[in-house]
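Any read-out appearing in this document is the output of simple, stated calculations on the displayed coordinates, not a laboratory observation. What you see is a predicted model, and the numbers here were worked out from it, not measured in a lab. Quick reminder, even Gly has a Cβ in these numbers, built from the backbone with ideal geometry, and neighbours come from all protein chains shown.
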Amino acid sequence: MNQLSLPQTELAVFELQPEEQILWAGKPNALRMAKGGMPFAVLGLIVAAIGVFIGMSALGLHSASSATALTLCGLVFLLCGILMIAAPFYCWKSAKSTVYAITNLRALTSMAGKVTAYAIQDIGPVVREDYPDGTTDLLFLSRNLASGRERRDGFYAVENYETADQLLRQMAEKRHFDLLKELDIERP
């Protein structure tokens, strides 16, 4: 199903070239994205509890300088914990401002107004990961980071993915055939 029912104001973030047209557009499922932040929230509760424990321990000290230092340390833990507890809300808010689109020339992602464009040459083999809640991740680009880890780019938590999956696979296939043609030309 084509999700071109998104308001034009949301699709306006994409600066399209004159011959470019949007074939598919969608948004991630905000609830699933928020669930992704839950492990940070749980860890944040633990960190905040440690901060409260440290702060309470400072009350029993007789030395003012030690009590102040311990109280400040407890406050740092408490503030870090509170920020971590807010992770699901941040993920939810980020998902609400994210828009995905596929045009006849490229795949586009807009997160909080920052647009990332993937040309056909960037689209690699498409990996589809299905989730029990009915959402799907369509991953089409893997990059090796300097740390040795791999970063996967794509469309996350998409609900009606069939059209997007088909279009991305066509782009990857076109890229593959373009590479084969390029290799044949270079051979003597």
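Just checking the listed ones, Ala172, Ala12, Ala41: in the Gaussian network model of the chain with Cα springs under 10 Å, the one fluctuating most is Ala12. Set against the 2.2 N^0.38 Å expectation for a compact globular protein, the chain has a Cα radius of gyration ratio of 1.45.
Per Stokes-Einstein, at 20 °C and 1.002 mPa s, what whole-number D in µm² s⁻¹ belongs to region 36-90, with the Kirkwood radius over Cα pairs as the hydrodynamic radius? Once the numbers are plugged in, D ends up at 189 µm²/s. Scanning the chain for DSSP H helices at least 15 Å long along the axis (C-alpha atoms) with a Kyte-Doolittle mean no lower than 1.6 picks out 38-59, 64-85. Structure remark: mean-square fluctuation, Gaussian network model of the chain, C-alpha springs under 10 Å; the largest value among Ala164, Ala95, Ala86 belongs to Ala86.
Length gained on full extension, Asp153 to Cys73: 25.0 nm, using 0.36 nm per residue less the C-alpha separation. Comparing mean-square fluctuations of Gly154, Gly36, Gly26 from a GNM of the chain with C-alpha springs under 10 Å, the top value falls on Gly36.
For Lys27, the lysines whose Cα falls under 18 Å of its own Cα, not counting residues fewer than eight places away in the same chain, are Lys35, Lys93, Lys96, Lys114.
Spin-label pair Ser63-Leu105: with each label point 7 Å from Cα along the Cα-Cβ axis, the two points sit 6.8 nm from one another. The gain in end-to-end length when the Ala12 to Leu141 segment is fully stretched comes to 44.0 nm, 0.36 nm per residue minus the alpha carbon separation. Per 0.36 nm of contour for each residue apart, how much would the distance between Glu162 and Thr116 grow if the chain were fully extended, relative to their Cα-Cα spacing? Difference between extended and current length: 14.4 nm. If you take the alpha carbon atoms of region 98-186 and fit the smallest convex hull around them, that volume is 126 Å³ per residue.
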